[in-house]
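Following: one structure in structure tokens, then a few remarks.
The values are calculated or read from the model by the stated rules, or taken from the named source; none is laboratory data. Note that the structure is a prediction, hence the values are computed from the model and not measured. Note that each Cβ is placed from the backbone with ideal geometry, even for glycine, and that neighbours are counted across all protein chains shown. Accessible surface is based on the protein model in full, side chains and every heavy atom, while ligands, DNA and RNA are left aside. Shrake-Rupley method; radii C 1.70, N 1.55, O 1.52, S 1.80 Å.
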Amino acid sequence: MSVPYKIEANEQMLLGNQTQQLRASQKIPIIARPFVSERALKTLDIVEKFVEEECIPADPIYAQQIGEGVVARFSAHPPIMEDLKKRARELGLWNMFLPKNHFKEGAGFSNLEYGLMAEYLGRSHTASEATNCAAPDTGNMEVFAKYGTQAQKDRWLTPLLEGKMRSAFLMTEPDVASSDATNISLSMRKEGNEWVLNGSKWWSSGAGDPRCKVYVVMGKSDPNNSSVYKQQSVMFVSADTPGITIERMLSVYGFDDAPHGHGHITFNNVRVPAENMCLGEGRGFEVIQGRLGPGRIHHAMRSIGAAEKAQEYFLARMNDPRKKPFGKQLYEHGVMLERVARSRIEIDTARLTVLNAALMIDSKDAKFALKEIAEAKVLVPQIALEVIDRAVQAYGGAGVSQDTPLANMWSHGRTMKIVDGPDEVHLIQLGRNENKRGKWLLEKIEWQKKKGDEMAKAYGMTRKDVLQLNREHAKAKL
């Protein structure tokens with residue numbers, strides 16, 4: 001491993017004399033600090049420096065190198081990305097997402113430690129891929145590492161970990177309500193030593209990249225099983241298998257997210273070796289739940305970084321001396337100070353929610369942290385959108401144009417309320433689980449009232465409302 005940045009005790013980033021600006025390691029919420037190792041603290045500062053000084057300046061270069069036209073944009077591999085990846089590996093910033101207590105293939109950090117790093121990665125369009133921590137590869141690599149056979153790991157996990165290929169995750173379908181995964185209908189039919197796949201998928205993130213070599217596909221392998229949760233399976237499908245067609249790429253509020261994009265893919269008698277089955281026939285729900293839990297946290301972590309970047313843009317606009325509406329800079333208008341204060345409160349709240357979920361996963365596993373993951377999955381995108389929207393409003397027309405990254409950040413933030421399960425699904429489940437206490441709480445409150453009556457009697461008192469007045473101005477005539 002190459003020697004990373006040498007960050008001296010008195011060294012400052014970027015503008016040099018901004019001593020009031022704390023480093024990333026110095027901004028960790030105090031409640032999380034006992035769970036962050038010295039190695040993670042040093043790495044966090046390196047991540048911050050790499051993102052702020054190399055990735056963010058590279059973002060517009062990357063966008064320009066993608067080129068123009070549908071075919072060109074979804075065939076592109078901007079050379080600046082390989083340069084950033086090389087630099088990241090020199091700095092030891094590679095595969096930080098695989099938690100040390102669950103996987104041996106990662107960089108040796110916990111979910112909480114990676115959460116702090118992912119926040120900075122979320123500030124840049126290029127940083128996640130540059131460090132080999134980009135979705136959907138992160139979730140797919142966890143599937144291979146957790147459920148894959150050795151042969152499957154050798155074929156797909158190893159090159160993914162080395163950043164030599166990309167992958168896609170195919171679950172959502174255009175013709176069914178995919179928010180209910182039991183509706184997944186892509187047919188998986190067993191024929192000898194092969195499975196034959198027929199159907200279509202869309203919002204297949206990552207499928208547009210020419211380096212995408214494997215799809216993680218969920219389909220229906222046993223439609224007659226009495227348990228709707230055992231009808232589905234997950235298979236690993238080579239992207240070049242005959243019968244697969246990428247019909248089109250889907251835009252997100254007009255953004256095509258090239259080159260990886262979001263594909264609409266059809267399967268026409270696609271034959272997949274039986275050895276490509278993940279974990280076992282009928283265990284698709286088990287695999288998907290194991291994948292989506294950590295994935296939801298990763299999205300939330302990066303979303304906080306996007307919110308922080310929006311806050312920075314907001315503050316920069318408020319202090320731009322060239323822009324003075326009604327003769328004053330924006331920071332001299334009280335409403336703007338209130339908005340920036342609300343954004344700070346909300347970002348810090350979101351961060352604590354995510355770190356709590358990450359810590360719960362670290363303490364056991366994702367299944368143990370279902371409530372905390374759902375809370376973060378719902379809360380963080382909502383807050384990020386509010387924060388970004390306030391920044392957009394401050395910039396006016398520029399905020400909705402390509403002159404700032406805010407419009408693109410908002411579009412990504414809005415999708416977070418849908419991907420990996422829409423908010424409504426998580427809220428219903430949270431509500432159901434919370435309501436399980438209802439009957440007991442009713443009994444508890446009634447018991448407390450009865451206990452109060454007994455205490456009053458022991459003191460020779462009769463329970464009554466302390467504000468009871470019984471004032472009568474005149475007797476009613478009979």
* How about segment 144-213: which GluC sites (Glu not before Pro) there are in a DSSP loop, with at most 15 other Cβ atoms within 10 Å of their Cβ? -> E162
* Asked: Quick one: with all protein chains in place, what share of the accessible area of the chain is carbon or sulfur, to the nearest percent (1.4 Å probe)?
  -> 54
* Take the alpha-carbon centre of segment 123-187, take the same for segment 306-354, and report the distance between them in whole Å. => 36
* Asked: Do you know the relative contact order of segment 304-451, to the nearest whole percent, from alpha carbon pairs under 8 angstrom that are 6+ apart?
  -> 23
* Asked: For K85, what accessible area in Å² do you get when you roll a 1.4 Å probe over the heavy atoms of the protein chains, rounding to the nearest 10?
  -> 10
* **Placed amide H near I265: partners under 5 Å, 5+ positions off or other chain** => K201, W202, E247
* Asked: Restricting to segment 167-278, what percent of DSSP beta bridges are antiparallel, rounded to 5?
  -> 85
* Within straight cross-link reach of K220, meaning Cα distance under 20 Å, which lysines are found once same-chain residues fewer than 8 apart are removed? -> K190, K201, K230
* Any idea of the accessible area per residue across the chain, 1.4 Å probe, to the nearest Å²? -> 52
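Report the FRET efficiency, 1/(1 + (r/R0)^6), for K450 and K475, where r is their Cβ-Cβ distance and R0 is 41 Å, rounded to 0.05.
According to the calculation, E is roughly 0.70.
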* Asked: With every protein chain left in place, what is the accessible area of L430 in Å² (1.4 Å probe, nearest 10)?
  -> 40
* ³J(HN,Hα), Karplus 6.51/-1.76/1.60, whole Hz, each residue of segment 394-403, x for Gly, Pro -> 5, 8, x, x, 4, x, 9, 9, 7, 6
* **Derived scalar couplings ³J(HN,Hα) [segment 325-341; Karplus, 6.51 cos²θ - 1.76 cosθ + 1.60; whole Hz; x for Gly, Pro]** => x, 6, x, 10, 6, 4, 5, 8, 9, x, 4, 6, 5, 5, 5, 5, 5
* 5 angstrom amide H check on K190, placed H, neighbours 5+ away -> V196
* Structure fact -> Read-out mean projected area of the Cα convex hull in nm², candidates (1) 26.4; (2) 36.1; (3) 22.3; calculated match is (2)
* Asked: For the cross-link pairs K146/K364; K164/K377; K49/K324, which exceed 23 Å when the distance is taken from alpha carbon to alpha carbon?
  -> K164/K377; K49/K324
* Round to a whole angstrom and tell me the spacing of the C-alpha centers of segment 35-78 and segment 193-221. => 27
